[in-house]
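Worksheet: one structure, shown below.
The values are calculated or read from the model by the stated rules, or taken from the named source; none is laboratory data. Please read all numbers here as calculations on a predicted model, not as lab measurements. All Cβ positions, glycine included, derive from the backbone under ideal geometry; neighbour counts span all protein chains shown. The protein model used for the area step is the full one, side chains on, heavy atoms only, and it has no ligands, DNA or RNA in it. Shrake-Rupley method; radii C 1.70, N 1.55, O 1.52, S 1.80 Å.
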Amino acid sequence: MKKLAAMLAPALVLLSGLSAQRARGLDFNTPGSDIGQPGTSIGGGTRNLEICKIPEGEELKALMPSQNLGAVGRTVSKAPALYWYLPENTATLGEVVVVDEERNEVYFAEFTLPSKSGIIKYEIPASAGLEEGKQYEWQMALVCDTNDRTQDEFVRGNLLVVAQTTGLEDDLAAAANNALEKASAYNKAQIWHDTVSSLAPAAEQYPEEWARLLESVGLPEEIATATVVDCCTAEN
């Protein structure tokens with residue numbers, strides 16, 4: 001048994017080392033031009049905690065590569081998924097708006113919020129017509145009072161649709177259907193939204209890598225360890 005343990009030990013050390021390397025590899029390196037203005041929350045939420053019954057210390061947060069105002073998340077998808085941390089609240093209706101660089105509305109939808117807190121996902125449909133090379137601003141709001149929209153709790157962010165490079169195509173082909181390897185390929189290419197979309201469905205399978213990814217962009221531990229909730233479907 002001692003001989004067998006000695007033989008297995010190097011393999012176990014190697015596997016442990018590979019796991020650590022993969023976790024370190026998911027530290028997201030935000031392109032400098034995408035960081036936005038420092039010192040300002042990306043959310044800009046109205047902080048009407050009493051209206052939506054959001055617990056003190058909690059807030060609606062966007063899963064973005066920087067928590068600064070004007071921060072940009074890159075995607076190679078014409079139908080990107082956006083993710084937010086939804087705290088406990090009493091709102092039942094959410095709203096997503098996307099505008100182009102000329103402030104023209106390209107997408108609007110309302111959706112039913114889940115009844116529990118966690119990380120929620122909303123996929124912008126291809127029908128929105130997002131174009132490669134263009135930047136868009138989105139806003140997600142919790143409708144706290146349908147009769148007084150000034151009471152909304154909201155967050156804003158920007159996304160940039162970019163071309164998929166040959167290097168990224170090769171890395172994705174090598175990753176096959178492995179969620180962690182796909183996320184690593186997008187992470188290496190500094191493509192935020194697709195990194196998150198690749199790993200989020202497998203967050204329970206790779207909790208350390210998922211937490212490391214979110215914490216690397218300044219999101220707190222309680223968000224990194226929150227449950228990814230099945231959500232959301234447009235109502236219009």
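Got at least one residue in segment 144-155 being at pLDDT 95 or above, among the aromatic types (Phe, Trp, Tyr) and in a strand (DSSP E or B)? No, there is no match, as no residue in segment 144-155 is at pLDDT 95 or above, among the aromatic types (Phe, Trp, Tyr) and in a strand (DSSP E or B).
Based on this model, can you work out whether Val196 counts as of a type outside the set (Gly, Ala, Ser) and open to solvent by 10 Å² or more (accessible area, probe 1.4 Å)? Answer is no for this residue.
Considering only residues that are touching a strand residue (DSSP E or B) at 6+ places or on another chain (Cβ under 7 Å) and not in a loop (DSSP other than H, G, I, E, B), look in segment 212-236 and name the one that is farthest from Lys116 (Cα to Cα). Ranking the qualifying residues of segment 212-236, first place goes to Ala234. Tell me the residue from Ala189, Ala163, Ala179 that is under 23 Å from Val98 (Cα atoms) and open to solvent by 20 Å² or more (accessible area, probe 1.4 Å), please. Unique residue meeting the criteria: Ala163.
When residues in segment 50-70 are screened for being modelled with pLDDT under 85 and in contact with a Pro (Cβ under 8 Å, 6 or more places away or on another chain), 1 of them pass.
Residues considered: Thr227, Thr233. Of these, the only one that is in contact with an Asp or Glu (Cβ under 9 Å, 6 or more places away or on another chain), touching a residue at least 24 places away in the same chain (Cβ under 8 Å), loosely packed, with under 15 Cβ neighbours inside 10 Å and of a type outside the set (Asp, Glu) is Thr227.
Against the list (1) open to solvent by 10 Å² or more (accessible area, probe 1.4 Å); (2) small (Gly, Ala, Ser); (3) closer than 17 Å to Leu63 by Cβ, the condition Gly118 fails is (1). If the condition is being surrounded by 15 or more Cβ atoms within 10 Å (Cβ to Cβ) and assigned to a strand (DSSP E or B), then segment 94-109 contributes Gly94, Glu95, Val96, Val97, Val98, Val99, Val106, Tyr107, Ala109.
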